[in-house]
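In what follows, a structure is listed as structure tokens, so that the remarks can point back to it.
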């Protein structure tokens with residue numbers, strides 16, 4: 001029987017993480033299962049730093065953003081950089097000693113809340129004999145085998161409010177205002193927030209854009225409706241036809257080495273050159289991930305956390321909990337974790353925007369420019 005469970009929150013922070021933790025802990029208490037949270041993701045697992053969790057610790061965290069356990073997106077326990085005697089960096093697999101310690105400390109299951117990289121490590125631990133349950137985490141909503149990921153709707157709410165705010169400035173000054181939002185390889189946030197906020201143009205990674213199409217939209221608004229301003233929402237992974245995504249920098253101390261940035265600034269500069277109108281860009285960045293969690297995500301996170309613990313109690317391991325076809329259920333970790341997620345890769349498992357889906361078709365029907373029309 002499962003009596004002791006460890007919890008990890010890994011990768012970037014996300015609205016709803018604390019609600020997931022709370023859902024796990026409260027469900028565990030009813031089943032007399034002890035829960036411990038490792039601090040700073042896999043880094044805490046490596047260093048064996050943890051806290052005991054109970055309803056007293058988690059009682060007031062359902063609305064709080066971030067994670068009370070802390071997180072880390074730079075620690076790969078299967079390849080830890082270590083300096084050898086020659087001063088060279090070698091990568092050492094520390095997973096075996098972690099597995100031995102978890103077994104010695106009588107952990108019956110590890111619940112990992114994270115994105116693709118974190119869930120890949122979770123899957124690899126199952127292959128080394130550690131029972132694992134995964135919980136998908138990303139505001140980008142791009143995990144396969146899920147209807148929606150927690151944190152997504154909170155991010156959409158924040159982006160929508162930003163559109164509402166910049167629209168009044170755009171109208172007052174007769175400007176083109178661009179809002180860059182997250183969405184590395186999938187444009188769910190930009191598309192949903194753009195529709196909700198009444199954006200005139202929405203640019204997403206799935207549809208390479210033509211600047212001339214955007215210019216035409218701006219002119220049409222002026223000529224047909226007398227609107228001397230325009231609002232454009234741009235996913236950070238959007239790119240022009242024949243061009244590349246905008247890369248801000250690369251880092252060497254993270255499994256995810258590419259940092260995107262500049263897509264919105266590029267669009268604003270080009271539109272200003274082509275139209276002669278003042279164009280300004282605002283990049284939301286981490287604002288989308290911080291602050292209080294929205295009601296929908298609190299509910300979804302609680303459901304996912306509770307189901308993760310229930311799967312552990314029932315000893316159904318190597319599974320990822322998910323919202324699928326409107327129901328909280330689970331799928332094998334092998335189906336979703338550790339596949340190549342680069343655009344264009346044959347094995348890519350990114351859940352990208354369906355160009356024939358309701359959101360895209362709605363946007364087109366109501367006259368929103370998607371960069372190709």
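Bear in mind that the values in this text are calculations on the coordinates, not laboratory data. Given the structure is predicted, the values throughout are model-derived calculations rather than measurements. All Cβ positions, glycine included, derive from the backbone under ideal geometry; neighbour counts span all protein chains shown.
For segment 103-192, the Stokes-Einstein estimate of translational diffusion at 4 °C and a viscosity of 1.567 mPa s comes to 82 µm²/s, using the Kirkwood hydrodynamic radius over alpha-carbon pairs.
Here the peptides 356-368, 139-151 are ranked by packing, the mean other Cβ count within 10 Å, and the order with the highest first is 139-151, 356-368.
The angle between the Cα long axis of helix 95-104 and the longest principal axis of the Cα atoms of the chain comes to about 50 degrees, rounded to the nearest 10. With contacts taken as Cα pairs under 8 Å at a separation of at least 6 residues, the chain carries a relative contact order of 22 percent.
Helix 188-197 axis versus longest C-alpha principal axis of the chain: approximately 50°, rounded to the nearest ten.
Note on the chain: GNM, Cα springs under 10 Å; of 260, 203, 119, the largest mean-square fluctuation is that of 260. Roughly what % antiparallel, to the nearest 5, for the DSSP beta bridges in the chain? Roughly 35 percent of the beta bridges in the chain run antiparallel, per DSSP.
Could you tell me which of rounded, prolate or oblate describes the chain, using a ≥ b ≥ c as the square roots of the eigenvalues of the alpha-carbon gyration tensor, with rounded for a/c under 1.5 and, failing that, prolate when a/b is larger than b/c and oblate otherwise? Prolate.
Note on the chain: GNM, Cα springs under 10 Å; of 234, 57, 82, the largest mean-square fluctuation is that of 82. For the chain, the longest principal axis of the alpha carbon atoms and the long axis of helix 116-126 meet at an angle near 20°. When the chain is treated as a Gaussian network with alpha carbon springs shorter than 10 Å, the biggest mean-square fluctuation among 241, 133, 113 belongs to 241.
Overall, the anisotropy analysis places segment 1-106 in the oblate class: the square-rooted eigenvalues a ≥ b ≥ c of its C-alpha gyration tensor yield a/c not less than 1.5, with a/b not exceeding b/c.
Judged by the gyration tensor of its Cα atoms, with axes a ≥ b ≥ c, segment 112-255 is prolate; a/c meets the 1.5 cut and a/b is the larger of a/b and b/c.
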